[in-house]
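Have a look at the structure below, then the notes.
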Amino acid sequence: MAGKFRLKVVAPDGLVLDKDVEFVLVRSEDGDLGILARHTPLLASLEIGVVRYRENGKEHKIAVSGGFLEVADNKVTILANTAETAEQIDVPRAQAAKERAEKRLQERKPGTDIQRAEIALKKALARLKAAQ
Ligand code: ATP
């Protein structure tokens, strides 16, 4: 059986997850990063996206909008700007955010903050993917 390690996900309003897991997959600024037990110490910046983890052989997803990941002492800590488990995601809200951002990016009205709309779109897509 695969070795286990602790996965902790913290967002500004508190602890989102604290579990013993077998595998974690994140999208870091340097690419996808898969972590197994006894990984070497590491610090990485996270992209907006989906964090996947395996617990008792079952895969779960969390949406994160960027942050940091630390691996130390057989423990993974994710400090996220925002983080929601699949169960916590309000799908209609994420769908509405996606449509709002897409509309802004299509129309490109003067004064539209394109970068902000692109970030909003990425966050909404990550939430929809994690909720699936
Ligand atoms: P919206 O435009 O729908 O408000 P947003 O991307 O601007 O979304 P954030 O600023 O990223 O929202 O997050 C604000 C808070 O709301 C955070 O605590 C985040 O976890 C939560 N949140 C945002 N969208 C959702 C969602 N679809 N389901 C559950 N929680 C959400």
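The values are calculated or read from the model by the stated rules, or taken from the named source; none is laboratory data. As the structure is a computational prediction, the values presented were derived from the model and not from experiment. All Cβ positions, glycine included, derive from the backbone under ideal geometry; neighbour counts span all protein chains shown. Remember, those area values only see protein heavy atoms, side chains included, never the ligands or the DNA or RNA. Shrake-Rupley method; radii C 1.70, N 1.55, O 1.52, S 1.80 Å.
Computed values, structure above
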item: Inter-centroid distance (Cα atoms) of the range 1-37 relative to the range 88-108, Å; result: 27
item: Full-stretch length increase - Thr40, Arg108 - with 0.36 nm per residue and alpha-carbon distance subtracted; result: 20.0 nm
item: Ellipsoid equivalent to the range 90-131 - semi-axes via the Cα gyration tensor, in Å; result: 20, 9, 6
item: Per residue value of the accessible surface for the chain (all protein chains in place, 1.4 Å probe), Å²; result: 61
item: Normalised convex hull volume, the chain, alpha-carbon set, Å³ per residue; result: 106
item: Trypsin sites (Lys or Arg not before Pro) restricted to the range 45-132 and DSSP loop, no more than 10 other C-beta within 10 Å; result: Arg108
item: Whole-number Å³ per residue for the convex hull built on Cα positions in the range 63-115; result: 95
item: Flagged links, alpha-carbon separation over 32 Å, of Lys8/Lys129; Lys58/Lys123; Lys4/Lys129; Lys75/Lys123; Lys8/Lys103; Lys19/Lys122; result: Lys8/Lys103
item: Label-point separation, Gln88 to Glu70 (7 Å along Cα→Cβ), nm; result: 1.9
